[in-house]
Amino acid sequence: MLQFENLSADIVRAPVLRNICADLPQGSINAVVGRNGAGKTTLLRAIMGLIKLREGRILFDGCDLAGVPDYGRAKLGIGYAPQERVMFPTLSVEENLRLPCQVAGFSKAQVDERLALTLDVVPQLRDMLPRSGAALSGGQGKMAALGRALMIGSRLVLLDEPFQGLAPALATQYSEALKRLQSRVPELCIVITESNGSLLKDVQDRTLHIERGALLPDAAPISTSSSPFIEAYP
Ligand SMILES: Nc1ncnc2c1ncn2[C@@H]1O[C@H](COP(=O)(O)OP(=O)(O)OP(=O)(O)O)[C@@H](O)[C@H]1O
Ligand SMILES: [Mg+2]
């Protein structure tokens with residue numbers, strides 16, 4: 001369903017993604033694991049149309065995403081929880097959840113339906129709904145960011161380092177929410193990045209290892225040398 005064909009991208013003329021090729025099927029949880037600076041966030045941003053590709057294509061159900069403007073990703077059912085969760089502080093959590101669907105032009109009934117599914121998958125959000133987006137702890141904010149990605153992400157959900165910094169109890173709740181999501185929406189494709197693969201609690205069906213902007217062949221050992229990109233952009 002999501003295919004990377006020889007994907008390469010630069011940031012300020014330095015190669016950050018190199019010849020990425022992968023095919024992520026429907027109904028799968030895919031982890032992308034790599035050290036800091038490996039290119040995980042850049043890969044997700046490329047899917048979201050937030051950076052320009054130098055070469056290659058990203059296909060979504062066979063359709064080249066190059067022809068879809070970045071704001072059009074939501075209409076395709078692609079939800080994204082960025083690494084830096086951003087809740088609008090002047091809106092309630094419920095308004096924060098509803099907003100992306102409203103911007104994408106969903107009807108009220110469709111937004112209500114998405115909210116019901118989201119609360120079913122992440123029941124911890126129920127009590128947070130009336131609270132201000134500014135009044136959440138780091139862990140609660142991660143749950144809310146997951147919820148917001150689910151509101152839009154009916155086909156594909158991209159989660160950037162969701163387990164980073166979560167207390168163990170919340171990490172367990174988060175992985176339980178992902179398993180519930182997989183059982184409620186079995187055809188959904190989920191991509192989760194992590195610097196530390198052991199935080200993922202084996203929630204994934206498959207792990208892709210990324211190093212210096214390139215995917216390693218399956219079972220290839222991960223080098224212990226530091227990323228040249230970290231040195232280039234301290
Ligand atoms: N705005 C930017 N300007 C310059 N370089 C950047 C920029 N964004 C990313 N990079 C560089 O691109 C490379 C990949 O960054 P990216 O954020 O994708 O890594 P990451 O795997 O998500 O790292 P982390 O685990 O720290 O989140 C890094 O070397 C980074 O320094
Ligand atoms: Mg990152």
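Side notes on the structure shown:
- Val12 versus Ala116: modelled label distance in nm, points set 7 Å from Cα along the beta carbon direction: 5.0
- When the helices of the chain are scored as -39500 (n - 2.57) per DSSP H run of n ≥ 4 and the total is divided over every residue, the value at 222 nm lands at -9000 deg cm²/dmol.
- Rounded Å value of the spacing that divides the Cα centres of segment 1-55 and segment 62-92: 16
- Label-point separation in nm, Arg180 to Gln164, each point 7 Å along Cα→Cβ: 2.6
- Using θ = phi - 60° in the Karplus curve 6.51 cos²θ - 1.76 cosθ + 1.60, the 3J(HN,Hα) couplings for segment 190-200 round to 10, 10, 10, 9, 7, 7, 10, x, 5, 6, 6 Hz; x is entered for Gly and Pro.
- Sites excluded, trypsin sites (Lys or Arg not before Pro) in DSSP loops with at most 13 other C-beta within 10 Å, longest stretch of the chain: 53-234
- Using the Karplus relation 6.51 cos²θ - 1.76 cosθ + 1.60 with θ = phi - 60°, the per-residue 3J(HN,Hα) values for segment 76-92 come to 7, x, 9, x, 9, 10, x, 4, 8, 5, 10, 9, 5, x, 8, 10, 6 Hz, with x marking Gly and Pro.
- The lysines whose alpha-carbon is closer than 19 Å to the alpha-carbon of Lys142, local same-chain residues fewer than 8 away aside, are Lys40, Lys179, Lys201.
- The string of couplings for segment 102-111 from the Karplus curve (6.51, -1.76, 1.60, θ = phi - 60°) is 5, 4, 6, x, 5, 6, 4, 4, 5, 5 Hz, one whole number per residue in order, with x for Gly and Pro.
Throughout, read-outs are computed from the coordinates displayed, never taken from laboratory work. In this text the structure is predicted, and so the values were computed from the model without any measurement. We place every Cβ from the backbone using ideal geometry, glycine too, and count neighbours over all the protein chains shown.
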